[in-house]
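Every read-out reported here was derived from the displayed coordinates using simple, explicitly stated rules and does not represent laboratory data. In this text the structure is predicted, and so the values were computed from the model without any measurement. Using ideal geometry, Cβ is built from the backbone for each residue, glycine included, and neighbour counts are taken over all protein chains shown.
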Amino acid sequence: MQMATRFVATVECDASIEFINTYIECTKDDIGIIKSPVGMPGRAIKNEFLNGVEAGSKKTYKCPYHCIFTCKYESSPYCIALALTNAKKGKMKHGFAFVGENAYRAENIVSVKELVNSLVEEYDSAIKT
């Protein structure tokens, strides 16, 4: 089991506020499975960038990294490393956010301390029932 999504909407997260807000503003229906240029599926928040990819538009780029052997950068509609870097910086029109399936449940930005306390409370409540 992994837990990372819940920590994105924290004060301590170093991603841009625009990136964090995509988690807070998304709905359950905004989250879907995409096929990344490296050939693996991933869960992401649908946005203008991904809608364009899905519609068949190719994002112009030069692959600066050749970072993943399985990436078919010559025929890929975008560079995943650039898209994820752009998103982290808040340039959401040029990138997107990978998420867990419950990302839509993030309602506001809290501290990690507050988050951990709420996780402990949720756990305690769950084991009592």
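Restrict the check to region 61-70 and report whether at least one residue is surrounded by 15 or more Cβ atoms within 10 Å (Cβ to Cβ), farther than 17 Å from Ile33 by Cα and either in contact with a Phe, Trp or Tyr (Cβ under 7 Å, 6 or more places away or on another chain) or acidic (Asp, Glu) (or both). Yes - at least one qualifying residue is present in region 61-70. For region 82-117, the tally of residues that are closer than 18 Å to Tyr23 by Cα, assigned to a helix (DSSP H, G or I) and either under 18 Å from the mean Cα position of the chain (by Cα) or of a type in the set (S, T, N, Q) (or both) stands at 12. Determine if region 91-112 includes at least one residue that is among the aliphatic types (A, V, I, L, M) and touching a Gly at 6+ places or on another chain (Cβ under 7 Å). No; the residues of region 91-112 include none that is among the aliphatic types (A, V, I, L, M) and touching a Gly at 6+ places or on another chain (Cβ under 7 Å). Annotation note: of Val53, Val110, the sole residue that is farther than 21 Å from Cys13 by Cα and surrounded by 15 or more Cβ atoms within 10 Å (Cβ to Cβ) is Val53. Scanning region 22-71 for residues that are in contact (Cβ under 8 Å) with a residue 60 or more places away in the chain, assigned to a helix (DSSP H, G or I) and of a type in the set (A, V, I, L, M) yields one hit, Ile24. Within region 6-21, the residues that satisfy the criterion of being part of a loop (DSSP other than H, G, I, E, B) and not small (Gly, Ala, Ser) are Val11, Glu12, Cys13, Asp14.
When residues in region 80-98 are screened for being closer than 17 Å to Glu54 by Cβ and of a type outside the set (D, E, K, R), 9 of them pass.
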